[in-house]
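Below is one structure; the comments refer to it alone.
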Amino acid sequence: MAFQPISRRAALKGLGVTIALPLLEAMTPSARAADAVAKTLPRRLVFVYFPNGVKTEFWKSTGQEKEFELGKTLAALEPFKSNMVVLSNLADANARGGGAHACTMPAYLSGTPIFKTQGNDIRAATTCDQLIAQKIGDATRFPSLELGCDFGQQDGFCDTGYSCVYQTNISWRSATTPAAKEVNPRIVFDRLFAGRSAETSIVQQQREAMNLSILDFVREQAKDIDRSVGAADRRRMDEYLTSIRDIERRISAPPPNLPANAANGMERPTRIPALFREHFRLMADMLVLALQTDMTRVATLVMGTEGNRRAFPELGFTEEHHGVSHHHGDASLIEKYRKINEHHVGEMAYLIDRISKVREAESSLLDNSMVVYGSGMADGNAHAHADIPTLLFGKGGGTIDTGRHVVCPTNTPICNLWLSLMDRMGVQTDRFGDSTGLLGGLTA
Amino acid sequence: MLWPMKRLTLLFTLHLLGFLFLCMVQRSASAQPASGDTGKAPPAIDFKSTVAPLLSKYCIDCHGGDKPKGDLSLEFGDPQAVEQRLAKDHKLFERMADRLETGKMPPARKLQPSAPEKELLLQWITKDLLANYAVSHGLGRVARVRRLSRVEYANTVRDLFYFPEFKADDLPPDDLGYGFDNIADLLSMSANQLELYLKTAEQTIAQLDATAKPSPNWAAKDKTYWEPDDGVFLPIKDLKMGFNNNQTRVRKVLETFLPRAYRRPVKPQEIDRLMAFAQLSLAQEGESYIRPKSTYAPLRAALCSPYFLYRIEEDPPQGTAPISEYELASRLSYFLWCSMPDDELFALAEKNELRAHQEEQVRRMLRSPKARALTENFAEQWLHLAALSKAAPDPKLFPNFDDSLRQAMRQETALFVRYVIEQDRSITDFLDADYTFLNERLAKHYGLPNISGEEFRLVNLDPAQHRGGLMTQASVLTLTSPPTRTSPVKRGIWILQTLFNDPPSPPPADVPPLEGKGGALSGTVRQVLEAHRANAQCAGCHSKIDPFGLALENFDAVGVWRTREGQATIDASGAFADGKSYRDLDEFRARLKERKDDFRKAFVEQLLVYGLGRGLEYADRSAVREICNSAAAQDDRFSGVILAIVQSDLFQKRTAIGN
């Protein structure tokens, strides 16, 4: 396959380095009301996932609390050091088991063991992003967004004994229904912005009226089917009925502050870029716009699915990611592994940069957000799940003291962090997954 | 009113029989009365007094203590511990039953259970544990409600409108299970997915055109009596009657269209409900986004209906019963065509004559060009051919490899599979055959002279060419190779997985690659693998895998014949774990053909998974055996295998929940 980088400059023409018109700021009636607005600004939570773990000694930061040095791999994040918390010693214990790559992603945000099956009777668990979406999602057009840069394996068998469904899905609405990620930037663009410009809005309104009628019609049918099937078969129609409700909300209740041109000058992508950087940045740009315009407050963005075999010819070598992660101490493979890790981190820096440049009243979008960058796998070579790489960006609306390296007690469940983030997003619960309590240390 | 009495008598008889047969079989799964909603029967064999002593006597010696063999402990403290283990991994107990049944466990050198003891253990595992587990987890049933996969959806839209082709590339790919993308439990729905169905429906209807012609390939026969009206094909007899008004016309279109879209007869009320959309559409005529065609809105709505998007089957009130004729039509068409039934199948179902004519219908369906779905969908997935698109042979080592060669490789395998299907050859051709399909490019790659041009053609293979069967095709040899060298391990796994449905366990995470730390092999691939197998920890799996790959060492990483690897002469000999050996590739191929029973079983199992949309469970085994026997009696002809599957109860019947 030939690589044909599309001109990002063209694709993002008009987007500029800074986004000039943050909607929430536009809402602000006057500077006098700014304080009041700051208190009501919504918090946002984003999980950015990368696969196949890291070369831990390059990743690990040294020092503690405010006196710390970022690991070598994290160099690109130096400008955001004061806006992040580096977390050490968190563990994803439920990812352990026969299928390390299969279990890691669904266990990561659920803290629950994954049922081993090739397909019959799949069972993972509701993930924390979806729990939050189910609780607070009514406030926004999209309860949550699930984005990604690859669909996952499309041939043969994934991890032995496990269906590929586990390996491709990080977000789960329920134990049996994944919230599949969208990989095609064009479809994401259309979902978010289509018809949001003046010239398309009449067609769009007519389309939506028609679709609402169709949804009424198919709801009657789905309810009939639902009534006639037993409990064991009901979940399929439940999914369908839930989907109807979700679309109706998208159509009927767009947030009042969504402007005519929410895409803000971004051009409609036409295809899935071959290069990771192009692809990720398109997804990142759309994610930032969605957060900025309050279309959603919860999102997952998967750089690559676990066990990912993407090759990065742009880095000057042809070996694929998963193979490189199993370097077995080979110096040249370790070097390639490090380069891939750094490449991902560099793109994360791009995303954080964008988020930090969106103004919201007297603050920035980053100040009101919590952006996790991490993986359920620590050392990819050994499939280790202790001390998994975890970075937390943003001040969570003033609830997180950044610029620190927090060294947690060894093997603290990552679910303690999720519990603390859920708490900040308005989902209060005593336990989540294998949590043992709120994570201490997010405030100094 | 009669049947509960009968059931009691049957149960009594079985009880008596069970008593006579050493009190072992106390109830039979088929005669099991449902107890409560789950239908779960109480255990018939007492764990503590009966099973535990046997496990302790014959198994725990190795599979117990701190370091149980194979990391498998069978030391269960109480029945609850067994239940927990079962809930976590019921496949483990299937393997236990297998090993016990085939005499692999306990190993020959160990104390052996008596026949009644063995039978008792098997009854405990298969009835008390596995059968109950399957019932309480709803396993072993074809899904009552099953979403069309992306490919099924696209093909169905294509055939519903007689489009020459239709793609639904915006829909996300479906997750794979058992290697296939049509597994019911993995076909979920989401708002994003439904939104894409709404969008695709709108775009599809916008494509309709009253001047459309049916696809020349697939509707040629239909064309004689179908004519388009509003872009939907109607029987000519209906068109000729003329319509008094628009309302009647729309209704007629829907009466023809809707039963095809829902794949079953529809009630007049269902047409009434859709007519409401025609009103809506008429009222809006002239609006830019809706074509001024009053049928289009109802059609668009029908394409989003759960009756279209899902395959729905009715459960019998209780027990097991044949599915309806319309359900059978869909099972047949999605199995063989990966699409909806055609008019002939519908017509037979309407007359309740499909089951009576199913053999001739299956043969007709296999002859249809639509049966290419068996190659393009089933076989591509079965053989992992999509992986070929990701193969990346090192351009320095393999300068001849490019995309056109990649395409030619894939084409060879596709044509070969299609030939077996269309010519109704024996499925053992997949293991070994004296023919294949080549064009000039691929023939040169194989070193075969006198084949020119881009066209593929049937080529007879000489024994001296050492090729024949799927695993000697460049597609398979390439997709199982890393960029710089061959991998007998990957090739072996591919053979075990696809040809014998017997994949090995996964390797531990920290196994080093064959290349040492310098990144280069210290010797031939074969030598390095031999060293690897010398490690007892590795030997367990690799003595099972490697012999299947080492035989193919005469083919390099892109499938070119070679006799040397570097300075060394290729040694393609090997020995299987069961002691049988081969001297070279030709003898290996002969050995494989001797295992045609194993291959037939594997092939049947994988076709069944694909055809039923679910994984197979322990209870399916007797059915698999019967299908295999029946297929063997048909000389393993492809149609014989398909018919054996189609005629089996697994394909013909449904079981009510809890039975």
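With Cα atoms defining each centre, segment B:320-345 and segment B:430-456 are spaced 38 Å apart in the structure.
Both radii were evaluated on the Cα set of the protein assembly as shown; the Rg over Rh quotient, with Rh as the Kirkwood radius, amounts to 0.96.
Distance from the C-alpha centroid of segment A:407-440 to that of segment B:58-119: 40 Å, rounded to the whole angstrom. Sequence-distant contacts, meaning Cα pairs under 8 Å at least 6 residues apart, place the relative contact order of chain A at 33 percent. Among the residues of B:295-306, the average count of other protein chain beta-carbon atoms within 10 Å of the residue beta-carbon is 4. From most to least packed by mean Cβ count within 10 Å, the peptides A:344-356, A:423-435 give A:344-356, A:423-435.
Electrostatic bookkeeping for A:HIS385 treats Lys and Arg as +1 and Asp and Glu as -1; over the other residues with beta carbon under 13 Å from its beta carbon, the sum is -4. Of A:LYS72/A:LYS339; B:LYS104/B:LYS544; B:LYS67/B:LYS544, which sit over 21 Å apart, Cα to Cα? From A:LYS72/A:LYS339; B:LYS104/B:LYS544; B:LYS67/B:LYS544, over 21 Å: B:LYS67/B:LYS544.
The mean count of C-beta atoms from other chains within 10 Å of the C-beta of residues in A:164-172, rounded to a whole number, is 3. What shape does segment B:528-604 take by its C-alpha gyration tensor, where a ≥ b ≥ c are the square roots of the eigenvalues and a/c under 1.5 counts as rounded, a/b above b/c as prolate, and the rest as oblate? Oblate, because a/c is 1.5 or more while a/b does not exceed b/c.
Under 5 Å from the amide H of A:ARG44 lie the amide H atoms of A:SER369, A:MET370, each residue being 5 or more positions distant or on a separate chain, with H modelled from the backbone and absent for Pro and chain starts.
For the set B:LYS396/B:LYS593; B:LYS91/B:LYS118; B:LYS199/B:LYS653; A:LYS181/B:LYS167, the pairs lying more than 26 angstrom apart at their alpha carbons are B:LYS396/B:LYS593; B:LYS199/B:LYS653. Centroid-to-centroid, using Cα positions, segment A:317-368 and segment B:527-574 are 39 Å apart. Here is how the number arises for chain A: DSSP H runs of 4 or more residues each give -39500 (n - 2.57), the sum is divided by the residue count, and the result at 222 nm is -11000 deg cm²/dmol. Take B:523-535, A:115-127 and order them by the average number of nearby Cβ atoms within 10 Å per residue, most first; the result is A:115-127, B:523-535.
For the peptide B:376-384, the mean number of other protein chain Cβ atoms found within 10 angstrom of a residue's Cβ is 1.
Per-peptide packing, taken as the mean over residues of other Cβ atoms within 10 Å, places B:647-655, A:293-301 in the sequence A:293-301, B:647-655 from highest down.
The mean sequence distance of close C-alpha pairs (under 8 Å, at least 6 residues apart), as a share of the length of segment A:233-389, puts its relative contact order at 15 percent. Straight-distance candidates among the aspartates and glutamates for linking to A:LYS395, with alpha-carbon spacing under 16 Å and chain neighbours fewer than 8 residues away dropped: A:GLU65, A:ASP353, A:GLU360, A:GLU362, A:ASP367, A:ASP423. Taking square-rooted eigenvalues a ≥ b ≥ c of the alpha carbon gyration tensor, is segment A:312-419 rounded, prolate or oblate, where a/c under 1.5 means rounded and, failing that, a/b exceeding b/c means prolate? In terms of gyration-tensor shape, oblate.
Bear in mind that the values in this text are calculations on the coordinates, not laboratory data. What you are looking at is a predicted structure, and each value in this text was computed from that prediction instead of being measured. For neighbour counting, all protein chains shown are included, and Cβ atoms are generated from backbone atoms with ideal geometry for every residue, glycine included.
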